[in-house]
Each structure stands twice: as C-alpha cells, then as structure tokens.
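Below: the structure, in structure tokens.
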Amino acid sequence: AKWVYGFGGGEADGGAGDRNLLGGKGANLAEMSGLGLPVPPGFTITTEVCTHYYANGHAYPEELDDQVDAALDRIGELTAKRFGDPARLLLVSVRSGARASMPGMMDTVLNLGLNDETVEALARDAGDRRFAYDSYRRFIQMYSNVVLGLEHEMFEEILEEEKARRGAEYDTELAAEDWARVTELYKAKVFEEMEKPFPQDPREQLWGAIGAVFSSWMNPRAITYRRLHDIPESWGTAVNVQAMVFGNMGDTSATGVAFTRNPSTGEKKLYGEFLVNAQGEDVVAGIRTPQNITEEARIGAGSDKPSLEKLMPEAFRDFVTIADRLEGHYRDMQDLEFTIERGRLWMLQTRSGKRTAKAALRIAVDMAGEGLIGQEEAVSRIEPGSLDQLLHPTIDPKAERDVIAIGLPASPGAATGEIVFSSDEAEELKAAGRRVILVRIETSPEDIHGMHAAEGILTTRGGMTSHAAVVARGMGKPCVSGAGQLRVDYRNQTLTAMGRTFNRGDVITIDGANGQVLAGQVAMLQPELSGDFAAIMEWADKIRRMKVRTNAETPADARTARSFGAEGIGLCRTEHMFFEDDRINVMREMILADTESGRRSALAKLLPMQRSDFSELFEIMAGLPVTIRLLDPPLHEFLPKSGKEISEVAAAIGVSPEKLRQRTEALHEANPMLGHRGCRLAVSYPEIAEMQARAIFEAAIEAGRKTGAPVEPEIMVPLVGIVKELDFVKARIDAVAKAVMEETGETIAYLVGTMIELPRAAIRAHEIAQAAEFFSFGTNDLTQTTFGISRDDAAAFMETYRQKGIVEADPFVTLDVEGVGELVRMAAEKGRATRPAIKLGICGEHGGDPASIRFCEEVGLDYVSCSPFRVPIARLAAAQAAV
Ligand code: ADP
Ligand code: MG
Ligand code: MG
C-alpha cells in the first residue's frame with residue numbers, strides 16, 4: 001500500500017482533493033506544488049497510517065520505513081542535499097495536519113536533523129554561526145517539548161537568565177556564542193530531566209517526531225477541540241515532513257502569515273503580519289510585535305516599523321502574485337504562511353481562512369459580485385450558526401466610554417463581564433450563571449474551555465493572528481488582543497491600566513470592533529441587518545422552499561421575529577400569557593373553582609385579556625399565518641409552591657390557605673410531563689378550550705377589521721395521542737366558531753390541527769389527519785416520549801453518553817433522525833395519504849437547528865418555526881437544504 005505521498009519540484013503525488021488522506025495541510029502543499037509555486041519539497045505520511053497506528057498498538061505498517069527512506073531521498077534529489085549528511089546538510093520540519101484545520105492543536109518540530117556535528121555544518125553552509133546555533137536551540141526546545149514532553153518554561157528560564165546575563169532585551173541581541181552556550185545549557189537540562197542525552201541521531205529524531213505527531217492526536221487539547229467542533233476521532237492526522245527553509249538567516253530573511261482578504265471585516269485587501277529574522281511561530285506567539293505586510297496597512301495602523309512592501313519589495317511582489325493566484329484557484333479567501341530565506345519567497349501553507357461572520361458575508365457577496373462564485377454558492381458558504389455573531393449587540397456609539405486601554409480589534413462584537421484571570425475560573429463562574437471576561441497575557445490551547453465560557457477575551461500580548469484572536473473569531477466571541485498598556489498580575493489577580501487597578505470580579509467591557517477596553521458596563525445597540533446580510537438573506541429566500549415562522553407569544557418577540565424575516569407564528573404558547581402578574585390570580589381562581597359555573601365566571605375575566613393578546617399578535621403578523629396552541633401545561637404549574645406563597649395567594653384571591661393547599665396537593669402529579677396536560681385538560685374542562693377559541697375568533701375579526709388583512713387563525717390542540725381526543729376538542733372549537741359567526745355576522749376561515757408529539761400520534765397519523773387540517777411536529781416532547789428521557793433530567797447523563805460515544809449529539813439539540821425523525825417521516829406520509837393538502841411544520845427547538853432543518857426539507861415539511869433570534873439562521877439553513 002502507498003502510505004507516503006511526495007510533493008515538490010513543481011509536481012506532487014496528490015492534490016487539494018486528497019484532504020481525507022493527506023490532511024488539509026498536506027493536500028494543499030501538494031496542490032501548491034503541483035501549481036508550480038515555490039514550496040520546499042517534502043512528503044506526507046497519510047491519515048491511514050494514523051488509523052493503523054492506533055488500531056495496532058502504536059505500530060506502523062511494515063512498508064512505511066522503506067517508503068519514508070525513498071521519499072527522503074527524493075527531497076535530497078530536489079535540494080541537492082542528504083538527510084543526516086553533514087557534507088550536504090538537509091534539515092526538515094515535521095508538521096501535523098488533520099482533515100479539518102485544528103489551529104494550535106498539534107505541534108510542529110522545526111530544524112530537525114541538527115546535532116552537535118551538523119550544527120557546525122549549518123554554520124559553515126550559511127556562513128553564519130549565530131543563525132546555526134539559534135536554529136539548534138530552537139530545535140532542542142521544540143523537540144524536547146513535543147517529543148520528550150518537557151515544559152517550555154524550563155528552557156525559557158534558561159534563556160531569560162542568559163539574556164539578563166548579557167543585558168539583552170530581545171533574542172535578536174544575542175550573538176553566536178551566546179546561542180552556543182544556551183544550546184549547551186539546554187542539552188544539560190534535557191540530560192538532567194531525562195537521564196539520557198538529547199538524541200543526536202537524525203533518524204531517531206525523525207521517527208521520534210513522527211510518533212509524537214501521531215500521539216498528539218490523542219492529547220487532551222486535541223480531544224477537547226474535536227469535541228467542541230464535532231470532529232470524529234476516526235479521521236486521524238497526517239504527518240508532513242518538509243525540507244527546511246530559514247526565515248532566521250539574518251535581516252534579508254523573514255517569516256509571516258497573511259490573509260488574502262481581511263478576516264475581520266472581509267475587505268478585499270491583503271492583510272498580514274511578519275517578522276524579520278524569525279522562524280516558525282514567532283509571529284503567532286507574540287514574542288515581538290509583528291510588522292504589517294502592506295504599506296497601506298502599516299499607515300493605517302500608525303506603525304513606524306517598515307512594511308514588507310518597503311523592506312523586501314521583490315519578495316513582496318512575488319507574494320502578492322501568489323496570494324492572488326491562490327485565491328482565484330481556490331475561489332475562496334486564503335490564509336497563507338510563508339518564509340523568506342535571504343530574499344527568496346517560500347510558501348509553507350495555504351488554506352481557506354477562518355473569518356468572522358461579518359467577513360464571511362462580505363466575502364461571499366463580493367466574490368459573487370466578482371463572478372468568482374454564483375449566488376447559490378455564496379449562500380452555501382455561510383455557516384448558518386455563525387449569523388448568531390451578527391445578531392449580537394455592539395456598543396452604542398453615543399454611550400460614554402471610559403477607555404482604559406486599546407488593543408487590537410481581534411474579533412468583533414462587544415461584551416461585558418467580570419474579570420477572571422484563569423480559564424478554570426471562567427468555567428466555574430459561567431456555570432454559576434455569571435458573565436465573565438477572560439483576561440490573559442496570552443492564551444494557549446489549554447484555555448479553550450475558558451474561552452468558551454467567557455463572554456469575551458482580552459489579552460495583553462499577541463497580534464491579530466495570535467491564538468486568542470484566531471480561536472475567538474472561530475467561536476464568534478468578542479476579543480481584544482495585544483492590549484500592551486495593560487499589566488496583568490496573575491499572582492495578585494489584578495489588571496493595571498494607566499495607574500488604575502482592577503481586581504478580579506470588577507466589571508469591564510471590551511469592544512472587539514475597535515480594540516477598546518472599557519471600565520464598567522456600557523450601553524449596547526442591537527445589530528443592523530442590512531448590506532451584505534440583507535443580500536445573502538435575499539438570495540437565500542429565493543432559493544429556499546420551506547417557510548420560516550417563529551415561536552412567539554409576546555408582541556416584542558413577534559416584532560423582533562418579523563424584523564428578522566419570520567413569515568408567521570408557528571407556535572404561540574398561550575399559557576405564557578397567563579403568567580403575567582394580574583392574570584395569574586384569575587387563572588388560579590379558575591383552577592380553584594369547584595364547579596363548572598365557577599370556572600366559567602373566572603374564564604369570563606380571562607377572555608378579554610386573551611382576546612387583546614391575540615388581536616395584537618394578529619396585527620403584528622398582518623395576515624401572515626398564526627398558530628395558537630391551546631393550554632398545555634398541567635394546572636399545578638400555576639399554583640404557588642412554598643407555604644409563604646400559599647398564604648399570600650390565598651389572601652389575594654379570597655380563599656382559605658387550607659383550601660389552596662388541598663387543591664395544590666390534589667393536583668400534584670408523580671410525572672407531570674406525562675400527566676394531566678395538553679388536550680387532556682380540554683377533555684376534562686372543555687370550557688377552558690372554549691374560552692380560548694372564542695378569544696381567538698373574536699380577535700381574528702377585530703384584527704382583520706383593523707388591518708384590512710383577513711386573519712386565518714390556526715388552532716392547535718396539544719398532546720393528542722388518540723383521534724377521539726381531537727374529535728372531542730375540535731367539536732367544541734367548531735361550535736364556538738359557529739356561535740361567534742352568528743353573533744357577529746362575519747365568516748371566519750380557520751384551521752384546526754394538532755401537534756404530533758407522542759409516538760402514538762405518529763403511528764395513528766392517518767387517522768388523526770381525518771380531523772386535523774395541519775400537523776406541527778412538537779419535537780421536544782416527541783424526543784422525550786420517543787426516548788423516554790425527560791429533557792429536564794437529561795443533562796445529568798447526556799454528556800456522559802456523548803463522551804462514551806453512545807450518542808453523537810444531544811437529541812434535544814439536533815433531531816435524532818434515525819429514531820424521532822423516522823416517526824416524523826412516517827407521520828408526514830400517513831398524514832398526506834389521508835389529506836393530501838395537509839399543512840406540515842415543526843415547532844420544537846429543532847426548528848432552528850441547521851442539521852435538523854436539512855431533515856425537515858428532506859421529508860418535505862411546509863415550514864419550520866423557531867425562536868426569533870434563530871429566524872435568520874433558519875432562513876439560511878432552509879436555503880442550503882434546498883440546494
Ligand atoms: P500549525 O499547524 O500550527 O500552523 P505548521 O506545521 O504550519 O503548524 O508550522 C508552523 C510554522 O512553522 C509554519 O507557519 C512555518 O512558519 C514554520 N515551518 C513549518 N515547516 C517549515 C519549513 N519546512 N521551513 C520553514 N518553516 C517551516
Ligand atoms: Mg501551531
Ligand atoms: Mg500553519
């Protein structure tokens with residue numbers, strides 16, 4: 001079998017299409033090489049080797065050794081060098097690369113092949129001892145960390161001591177002999193820790209590094225990242241071995257990263273950072289403040305450090321040409337890594353760049369305008385969930401700003417919260433319901449969980465491409481990075497800004513749009529949904545088949561949803577209307593009444609309240625369909641719980657506390673979720689359903705008169721499992737409709753339908769459809785009843801289930817297509833068989849989940865309904881599902 005794929009010298013065994021086999025990095029290195037771009041030659045050990053490695057107790061396939069040797073020879077031919085040969089020294093990097101990019105998750109070893117002998121050869125070849133020893137000490141440190149598992153800090157301490165000894169501030173001030181000394185000290189440290197010398201044999205080094213990459217697939221950081229991003233463990237990582245080029249060969253050498261468009265705003269301008277005389281991840285690590293690539297960006301940033309454009313004009317020109325070419329080739333914004341060795345440009349990586357939602361929209365719309373992609377593709381490029389970022393508030397421009405520092409606008413959106421200095425603490429406070437800003441000198445992959453828990457992230461070091469910035473953008477969290485005026489003191493848990501000290505727990509606000517850090521809480525504005533957002537939405541609306549409605553019962557929610565493009569209400573939960581202050585007691589009066597007439601007189605008081613609620617909703621929806629669900633929860637939910645509350649309520653509604661207590665006890669249920677609720681209430685107390693139906697019809701007439709748009713209400717009977725339940729309730733509703741029409745002389749068009757939320761309802765759907773004019777899949781309850789898992793109690797074990805691989809996703813978030821979905825499909829088919837024109841929709845939480853929406857399209861539902869803030873997400877997801 002072929003386990004190793006070579007690239008370099010204008011050709012390659014694979015290409016961009018081989019991502020699964022070669023990993024993202026390897027596939028794109030091959031692609032660039034095939035395009036004839038300057039890529040140092042190398043080879044990729046496939047992801048299949050990783051799978052083999054884990055399936056066979058960390059053993060490699062038999063042929064691997066020979067294939068690696070042959071591939072090393074090929075690099076040797078292309079570079080006129082030889083691995084391990086001091087006379088023609090070839091050094092390599094060993095880089096990981098999974099299918100999906102996992103920034104910072106896996107470790108890279110540079111300068112591999114150096115030892116006490118070859119370092120002298122490197123010095124001789126380069127004519128530069130300082131460079132050679134700088135490379136060697138980097139190698140020892142990286143290798144010791146990644147392969148031998150020694151902490152970086154050990155080495156950094158040694159370096160700091162050495163710098164102090166030499167009175168140097170920056171690494172660049174150290175001379176050849178200093179680096180040689182550091183190297184000796186490093187090796188001594190390794191010996192002390194490992195009780196054996198640092199490996200000198202290049203082959204041992206190479207296999208050590210390859211093994212470390214494969215092992216790192218299972219390190220805790222990588223596992224966390226995969227869990228957060230739903231990357232299956234079975235994918236494995238590839239290993240890339242590549243000839244070294246050097247950005248640290250003096251002042252005509254450099255290393256950098258760039259995006260072909262601005263990853264924060266999407267603006268069509270090359271955007272990037274670099275460092276002179278540096279190597280590898282120096283730019284990202286925030287060791288020195290990086291310089292801008294273009295003159296324009298330098299001027300924009302007010303930096304006095306020269307741009308690459310000025311400093312190395314030829315390499316810059318080459319780079320711009322290649323960047324354009326790659327963007328056109330991949331038809332997407334690219335994230336590039338490059339190194340310049342003595343004026344000569346080398347490409348080390350390209351991939352589709354991570355971007356903010358705002359940038360994603362702008363890039364998609366621009367690229368459609370440029371003719372690079374079509375509208376359909378533009379729509380399909382936007383991750384629906386990412387729209388969430390745009391729906392987040394920004395700081396009110398009119399608000400007073402108490403600016404304590406300015407950093408880089410690393411990820412947009414504004415956030416307010418209490419200062420915390422550690423990720424563990426961020427997680428703890430978040431779990432306790434608090435909002436926090438994670439403040440760090442810089443972040444590392446160990447901080448992922450804290451970044452997740454925080455509202456926003458603030459770092460005092462690092463550029464726009466630092467770990468904090470990249471990860472925050474990916475998560476859609478506001479981030480300000482590199483706020484250098486701030487001093488973080490972890491020990492005393494303080495943040496100092498221009499003489500002012502803030503403690504852990506003090507509230508600050510960050511503005512990811514301009515990099516400001518503000519004291520206290522600041523007024524925020526709701527986002528604007530025009531421009532690129534509107535364009536994508538318009539295109540999406542043209543493409544999608546399903547309608548998107550909202551779940552709303554308050555006028556505010558209904559209006560928000562309309563502004564987000566909702567095409568009606570798919571679920572109005574009437575019980576929410578009974579909880580409002582003055583109503584709850586009337587409701588309680590009704591519940592406590594001993595007779596039907598007692599109940600009717602309380603209901604008569606509720607009628608005008610419900611009528612005006614409905615009337616307002618109908619007006620807001622102006623002729624769009626509105627589905628109203630009859631009372632659903634068990635009645636005891638409306639009664640007071642504690643003893644103190646009982647006496648207060650008893651006084652307020654004029655009954656004895658004793659009676660109230662008795663009634664509350666009588667209504668107690670062992671299993672309320674499966675108890676006296678839904679249509680069961682309407683069967684026991686038809687007068688409740690009658691009052692609600694009357695309120696709906698009267699409101700429909702009222703709103704229809706006011707707006708001139710006829711209202712066609714859809715009345716939904718919850719929790720039907722037996723067709724006779726629906727027959728019973730529907731007869732009452734029809735009778736009320738007839739009465740109201742006679743009283744008013746107006747005709748009302750209306751539909752009566754049901755929620756399908758019990759397995760029995762799905763099974764008997766053909767029968768239920770004889771009475772029901774529509775079905776709305778209540779997938780929250782349907783999931784509970786299908787699995788027999790109560791949603792309120794699921795949290796205790798669902799995460800364990802996920803960790804142990806028993807379920808892939810939480811079925812309350814993403815519809816369980818195989819089980820619950822099968823019931824939905826069956827009910828839809830049976831319903832249509834009985835009543836071909838039956839309206840079908842979904843109103844569970846899943847109506848706003850992109851993966852579930854795809855399923856809804858597949859079974860041909862007419863609409864999805866979701867919470868107001870998810871309406872844009874659903875519109876986009878529905879369009880993507882229709883393509
Ligand atoms: P990551 O996946 O974390 O970005 P990479 O494998 O891309 O890790 O390596 C990080 C950096 O190391 C690269 O951006 C590049 O600057 C440097 N690097 C990797 N391989 C080489 C090489 N062969 N020559 C020079 N620099 C390299
Ligand atoms: Mg890295
Ligand atoms: Mg990289």
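Just so it is clear, none of the values below were taken in a lab; they were calculated from the coordinates. Since we're looking at a predicted model, the values are computed, not measured. Glycine gets a Cβ as well: all are built from the backbone with ideal geometry, and neighbour counts include every protein chain shown.
Tell me, in nm to one decimal, what length is gained between residue 734 and residue 175 on full extension, where the rule is 0.36 nm per residue of separation less the Cα-Cα distance?
Between residue 734 and residue 175, full extension yields 192.0 nm more.
Which whole-number percentage describes the relative contact order of the range 4-243, with Cα contacts under 8 Å and a sequence gap of 6 or more?
Result for the range 4-243 is 26 percent.
So, with +1 on the Cβ of K and R and -1 on the Cβ of D and E, and no other charges, what is the size of the charge dipole of the range 482-533 about its Cα centre, to the nearest 20 debye?
Using Cβ point charges on Lys, Arg, Asp and Glu, the range 482-533 gives about 400 debye.
Could you list 740, 420 in order of exposure, starting from the residue whose Cβ has the fewest other Cβ atoms within 10 Å?
740, 420
With 10 angstrom as the radius, rank 574, 465 by how many other C-beta atoms surround their C-beta, starting from the fewest.
Fewest to most other Cβ atoms nearby, the residues stand as 574, 465.
Relative contact order, percent, of the chain when contacts are C-alpha pairs under 8 Å separated by at least 6 residues?
For the chain, the relative contact order is 8 percent.
Antiparallel as a % of all DSSP beta bridges within the range 392-525, to the nearest 5?
Bridges in the range 392-525 are about 75 percent antiparallel.
R0 = 51 Å: FRET efficiency of residue 666 with residue 498, Cβ-based, nearest 0.05?
In this case the efficiency is close to 0.20.
Please give, to one decimal in nm, the separation of the simple spin-label points placed at residue 742 and residue 422, each 7 Å out from Cα toward the Cβ.
Taking the simple label geometry, residue 742 and residue 422 are separated by 7.5 nm.
State the answer as a single residue: which of 290, 618, 333 lies farthest towards the positive end of the charge dipole of the chain, with beta carbon charges of +1 for Lys and Arg and -1 for Asp and Glu, about the Cα centre.
Selected residue: 618.
Treat each spin label as a single point 7 Å out from the Cα along the C-beta direction, and report the residue 201 to residue 228 distance in nm.
4.0
Place a +1 charge on the Cβ of each Lys and Arg in the chain and a -1 charge on the Cβ of each Asp and Glu, then give the dipole magnitude about the Cα centre in debye, rounded to the nearest 20.
So the magnitude is around 1560 debye.
Could you order the peptides 323-330, 798-805, 510-517 from most to least packed, using the average number of other C-beta atoms within 10 Å per residue?
Peptide ranking by packing, descending: 510-517, 323-330, 798-805.
Any idea what the dipole of the range 552-614 comes to, in debye rounded to 20, about its Cα centre with Lys/Arg Cβ at +1 and Asp/Glu Cβ at -1?
I would put it at about 140 debye.
Need the full-extension length gain, residue 310 to residue 168, defined as separation in residues times 0.36 nm minus the C-alpha distance. One decimal, nm.
Result: 48.4 nm gained on full extension.
Where in the chain are the DSSP H helices whose C-alpha atoms run 24 Å or more along the long axis and whose mean Kyte hydropathy is at least 0.0?
Both cut-offs are met by 723-744.
Report, ordered by chain and residue number, the lysines lying within cross-link reach of residue 269, taken as a straight Cα distance under 20 Å and ignoring same-chain residues fewer than 8 apart.
305, 310, 354, 358
Relative contact order, percent, of the range 346-427 when contacts are C-alpha pairs under 8 Å separated by at least 6 residues?
26
Calculated FRET efficiency, residue 446 and residue 124, Cβ-Cβ r, R0 45 Å, to nearest 0.05?
Given R0 = 45 Å and the Cβ-Cβ separation, E is 0.65.
Counting DSSP beta bridges in the chain, what percent are antiparallel, to the nearest 5?
Close to 65 percent.
Given R₀ = 25 Å, FRET efficiency for residue 296-residue 325 by Cβ-Cβ distance, to 0.05?
0.75
Can you give me the Cα centroid spacing of the range 415-477 and the range 1-76 in angstrom?
For the range 415-477 versus the range 1-76, the Cα centre distance is 36 Å.
Measure off 7 Å from each Cα along the Cα-to-Cβ vector at residue 801 and residue 596, then give the distance between these two points in nanometres to one decimal.
Placing both labels 7 Å beyond Cα along the Cβ direction yields 4.3 nm.
Excluding residues fewer than 8 places away in the same chain, name every one of the lysines whose C-alpha is closer than 29 Å to that of residue 830.
547, 724, 730, 839
For each of 542, 477, count neighbouring Cβ atoms within 10 Å of the residue's Cβ, then give the residues from fewest to most.
The fewest-first ordering by Cβ neighbours comes to 542, 477.
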